[in-house]
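Structure first, then comments.
Rule-based calculations on the coordinates, nothing more; no lab input. Keep in mind it's a predicted model, so treat the numbers as computed, not measured. Cβ coordinates were reconstructed from backbone atoms using ideal geometry, including for glycine residues, and neighbour counts include every protein chain displayed.
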């Protein structure tokens, strides 16, 4: 997976930065009881190796969608098989264009999964009905409203558009 | 949704920080052609209001799972209905405990969705078979391997554990 494996210090630094990327070298060095020069060198290396890809912000409650639903779409197999790829491309592109749609991925040749957000349950389901279920040539649309997140609950604060 | 709505400047600042949270006030002020004092004040307010929840890092390719699958579980309805909640609690907790499981959520009373990562397709499917499909009292397990992400492709770099 990775050419030089990460050691405990690398992981400790990454854990701290995941919690708060604004920590200074001095603060990290203090918390981990390692010299500043070592911490500085390690972070530099982690960035160079692409282990740290970027620094970003997570948006909070006031700007996150309150309700989420996972949608699993299955597109109808066209008579001319070549059209399937094009159609998958069209549907995923259409979905990606909506700011309400936070995540879109193809699953195999005929399925698409999407994570959709809305201000409340009614608006979310209305959006799905009007903008997703109405897409032509879908064989099935399975809507899974998210009722409680147990792990990864900041996902919408990470994926939400501004 | 939000007491004081965000204006264009707030959104412009948030967009820049999403792309690179290490930008300095001076750099943001420069890019947006606004005084540093204004930018400083706006960021302070965005933090206070919880619009910016936190600063974090996104992990890069070398440390991300290469393959992802979405898993939709349906638990069997027990004869004593009260057990359903406890059972849902048990299954979501079990799933959350695995570092391979990046995201876990309940969907309604009987369903659970999870995003699972693995080094390659075989290891991922083996993990799901051995650790998820084997959980007792599941009525069904639907595995949707992710073949191509069209939107939100940094999701695994955000959710992956160190």
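Brief remarks on what is shown
- Cα-projected label distance for residue B:85 with residue A:161, points at 7 Å along beta-carbon direction, nm: 3.9
- Helix B:8-19 and the long axis of chain B differ in direction by around 60°, with both axes built from C-alpha atoms.
- Comparing A:41, A:127, A:103 in a Gaussian network model of chain A, where Cα atoms under 10 Å apart are tied by springs, the biggest mean-square fluctuation is seen for A:41.
- Degrees separating the helix A:36-48 axis from the principal Cα axis of chain A, which is the longest one: 30
- Cα pair count fraction exceeding 33 Å, expressed as % - the protein assembly as shown: 33
- Cα→Cβ-extended label distance, 7 Å offset, between residue A:134 and residue A:40, nm: 5.9
- Two-site label geometry, residue B:33 and residue A:119: point separation in nm, points 7 Å out along Cα→Cβ: 3.3
- For peptides A:79-91, A:147-159, B:70-82, sequence by mean Cβ density within 10 Å, most packed first: A:147-159, B:70-82, A:79-91
- Using a 7 Å projection from Cα along Cα-to-Cβ, the label point at residue A:36 is separated from the same position in the remaining copies by 2.1 nm, smallest value first.
- In the assembly of identical copies, residue A:130 has its label point, taken 7 Å from Cα in the direction of the beta carbon, separated from the corresponding points by 4.9 nm (ascending, one decimal).
- The other copies place their residue A:97 label points at 4.7 nm from this one, listed shortest first, where each point is 7 Å from Cα along Cα→Cβ.
- Averaging Cα coordinates gives a centre for region A:64-135 and one for region B:20-44; these two points are 36 Å apart.
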